[in-house]
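A short write-up of the structure that comes next.
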Amino acid sequence: MTDTSIQPAAQSTAGLSQMERVIDTFTAPSKTFTDIKNGHRAWWLPFIIYVLLGYAFFFVVNTKVGMRQASENQIHLSPKAEERMQTMTPEQRETQMKFSTYFIEGAFYAGPVFLLIMGLVISLVMWGTINLGFGGRAKFGSVLAVWMYAMLPYQVIKTLLGIVVLYAGAAPESFNIKNFAPTNVGAFLNPADVGPVIYSLATSIDIVTIWTLILVGIGTAMVAGVKRSSGYIAAFGWWIVVVLLGVAGAAVMG
């Protein structure tokens, strides 16, 4: 006698490969986030992509612009910083320029560490927000994996656009290392003309950033088992806080 009732409750399905999840993040993000929800949380491939692109961008900036020029450009973009430089002696200015140049170089070299720390901190904030604020049941590892994959459009598209812009012949004197890709309103404005507050706000209106936030909202909601609107509120709510802090900082620092 056969008893068909004696069967596993559910057949486990093999998860997507990391490359499939990377591709699906751009073409069918729900597939990527469903796979993460099902327990496939590995995220080393997108992280490696970020590292390789970051160092490739560093090479291009160093070749086409130079770290010294990139540092000088940042000072020229800030009237207060430029004013402080003018009050220094030649020796003090040179020391300050060396420090600024080394700082930018160091930021590039330490980029993977900063990216990992940022991912951990933001994932912790989103994990707490979606669970405590919206009654979710997300695991921290799932939220971290969502963040790593959701960042793909931001990191890949912006970096590649920045490389294209530099190879297309952008003037080294106009290169802005903090806003190098033409994906936001600020990229088409002159900070000296509009002022630091307006420029900071305009830079925040970024199409790739909005795309990334949508992915973060979708993915976080899916792994937490809550409504998608809750994920959007969490993602965009924190983004608004960050934008306002940036605008306030620009107003103070000038």
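The values are calculated or read from the model by the stated rules, or taken from the named source; none is laboratory data. Keep in mind that what you see is a predicted model, and the values were worked out from it rather than measured. All Cβ positions, even for glycine, are placed from backbone atoms using ideal geometry, and neighbour counts span all protein chains on display.
So which of V247, V241, V223 is free of Cβ contacts under 8 Å to residues at least 12 places away in the same chain and either closer than 17 Å to F134 by Cβ or over 16 Å from the mean Cα position of the chain (by Cα) (or both)?
Going through V247, V241, V223 in turn, just one is free of Cβ contacts under 8 Å to residues at least 12 places away in the same chain and either closer than 17 Å to F134 by Cβ or over 16 Å from the mean Cα position of the chain (by Cα) (or both): V241.
Within region 162-174, residues that are at pLDDT 90 or above have Cβ atoms under 6 Å from residues that are among the charged types (D, E, K, R) in these pairs: L166/K64, counting only partners at least 6 apart in sequence or on another chain. Selection within region 189-207: residues that are part of a helix (DSSP H, G or I) and of a type in the set (G, A, S). The member of this set that is nearest to Q155 (Cα to Cα) is S204. Has region 127-135 got any residue that is surrounded by 15 or more Cβ atoms within 10 Å (Cβ to Cβ), within 17 Å of the chain's Cα centre (by Cα) and under 13 Å from A224 (Cα atoms)? Within region 127-135, none of the residues are surrounded by 15 or more Cβ atoms within 10 Å (Cβ to Cβ), within 17 Å of the chain's Cα centre (by Cα) and under 13 Å from A224 (Cα atoms). Take the residues of region 167-188 that are assigned to a loop (DSSP other than H, G, I, E, B) and of a type in the set (A, V, I, L, M, F, W, C): which is farthest from G246 (Cα to Cα)? Selected residue: A168.
Looking at this structure, is R41 assigned to a helix (DSSP H, G or I) and surrounded by 13 or more Cβ atoms within 10 Å (Cβ to Cβ)? Walk me through it before giving the result.
On the way: assigned to a helix (DSSP H, G or I): no; surrounded by 13 or more Cβ atoms within 10 Å (Cβ to Cβ): yes.
Criteria not met by R41.
Is there a residue in region 165-181 that is surrounded by 14 or more Cβ atoms within 10 Å (Cβ to Cβ) and out of contact with any helix residue (DSSP H, G or I) (no Cβ under 9 Å at 6 or more places or on another chain)? Yes, that holds for at least one residue.
When the residues of region 51-78 are filtered to those that are outside any helix (DSSP H, G or I) and crowded, with 17+ Cβ neighbours inside 10 Å, the one that is modelled with the highest pLDDT is V65. Since I214 meets every condition but one in (1) assigned to a helix (DSSP H, G or I); (2) surrounded by 20 or more Cβ atoms within 10 Å (Cβ to Cβ); (3) among the β-branched types (V, I, T), which condition does it not meet? I214 satisfies all of (1) assigned to a helix (DSSP H, G or I); (2) surrounded by 20 or more Cβ atoms within 10 Å (Cβ to Cβ); (3) among the β-branched types (V, I, T) except (2).
Kindly indicate whether K98 is assigned to a helix (DSSP H, G or I), closer than 21 Å to E173 by Cα and touching a residue at least 60 places away in the same chain (Cβ under 8 Å). Here the answer is no, as K98 does not meet what is asked. No other residue among I48, I104, I117 is surrounded by 12 or more Cβ atoms within 10 Å (Cβ to Cβ), within 29 Å of L152 (Cα to Cα), among the β-branched types (V, I, T) and modelled with pLDDT of 95 or more apart from I48.
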